[in-house]
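Below is one structure, written out as structure tokens; the observations come after it.
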Amino acid sequence: MSQKNSRRVLIITDRFTPEISAPSTRLHAHAKCWTERGWAVDVLTCVPNAPRGKTYEGYKNLRYQTEWMDGFTVHRVATYMAANTGTFRRMVDYFSFNLPAMGVFGKLPRPDVILASLPPINVAYIAQAAARTFGVPLVFEIRHLSPASIRAVG
């Protein structure tokens, strides 16, 4: 299937490759699989920094940047970065993704469907705004309930 005739999915996630986590690994595999099956895939995420809250080597916390990865485009936005410790700074980290992500909707190709991977919950707000902006369906992928998982790890 040619790229011109393919369907397009926009994945919105707070964590993505090269970060090493279950969500980033799973969503990268989905994006690669869909690309191989003829879909055009775009990923909207932040600059890789988890779990230490420091920009990964080879990246800069720029307002907007793109990279080509395994046949799909990754769109990255700058965020406030905090280590995976403490509540307040992590909340600021998560919610600092919202406005920059919504601010680049005009730079993204129009998707046919949006997939939002949660947690964190703030991704839901970005995805709802994107679905309204583009007038397309939204699929939420909720892998675990944040309050329960936070209590489980203390």
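The values are calculated or read from the model by the stated rules, or taken from the named source; none is laboratory data. Computed from a prediction, not measured in an experiment: that's the story for all the values here. Note that each Cβ is placed from the backbone with ideal geometry, even for glycine, and that neighbours are counted across all protein chains shown. Accessible surface is based on the protein model in full, side chains and every heavy atom, while ligands, DNA and RNA are left aside. Shrake-Rupley method; radii C 1.70, N 1.55, O 1.52, S 1.80 Å.
Let me spell it out: the conditions are (1) in a helix (DSSP H, G or I); (2) farther than 22 Å from Ala130 by Cβ, and Thr35 meets all of them except one. Which number is the exception?
Of everything listed in (1) in a helix (DSSP H, G or I); (2) farther than 22 Å from Ala130 by Cβ, Thr35 misses just condition (2).
Determine whether Ser149 is at pLDDT below 95, assigned to a helix (DSSP H, G or I) and among the hydroxyl-bearing types (Ser, Thr, Tyr).
Yes.
Of all residues in the range 105-141, which are modelled with pLDDT under 95 and of a type in the set (Ser, Thr, Tyr)?
Ser117, Tyr125
With Met69, Met102 as the choices, which residue is under 29 Å from Arg7 (Cβ atoms), at pLDDT 95 or above, over 13 Å from the mean Cα position of the chain (by Cα) and not aromatic (Phe, Trp, Tyr)?
Met69
I want to confirm something. Restricting to the range 93-104 and keeping residues that are open to solvent by 20 Å² or more (accessible area, probe 1.4 Å) and aromatic (Phe, Trp, Tyr), which single residue is farthest from Val47 (Cα to Cα)?
Per the criteria, the residue is Phe95.
Here's the yes/no breakdown for (1) open to solvent by 60 Å² or more (accessible area, probe 1.4 Å); (2) free of Cβ contacts under 8 Å to residues at least 40 places away in the same chain:
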site: Ala78; (1), (2): no, yes
site: Met91; (1), (2): yes, yes
site: Gly106; (1), (2): yes, yes
site: Pro109; (1), (2): no, no
site: Arg132; (1), (2): yes, yes
site: Arg143; (1), (2): yes, no
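Is it the case that some residue within the range 42-55 is open to solvent by less than 10 Å² (accessible area, probe 1.4 Å), more than 22 Å from Ala130 (Cα to Cα) and not in a strand (DSSP E or B)?
Looking through the range 42-55, at least one residue is open to solvent by less than 10 Å² (accessible area, probe 1.4 Å), more than 22 Å from Ala130 (Cα to Cα) and not in a strand (DSSP E or B).
Across the range 120-130, what is the number of residues that are in contact with a helix residue (DSSP H, G or I) (Cβ under 7 Å, 6 or more places away or on another chain), of a type outside the set (A, V, I, L, M, F, W, C) and either open to solvent by 40 Å² or more (accessible area, probe 1.4 Å) or not in a loop (DSSP other than H, G, I, E, B) (or both)?
Qualifying residue count, the range 120-130: 2.
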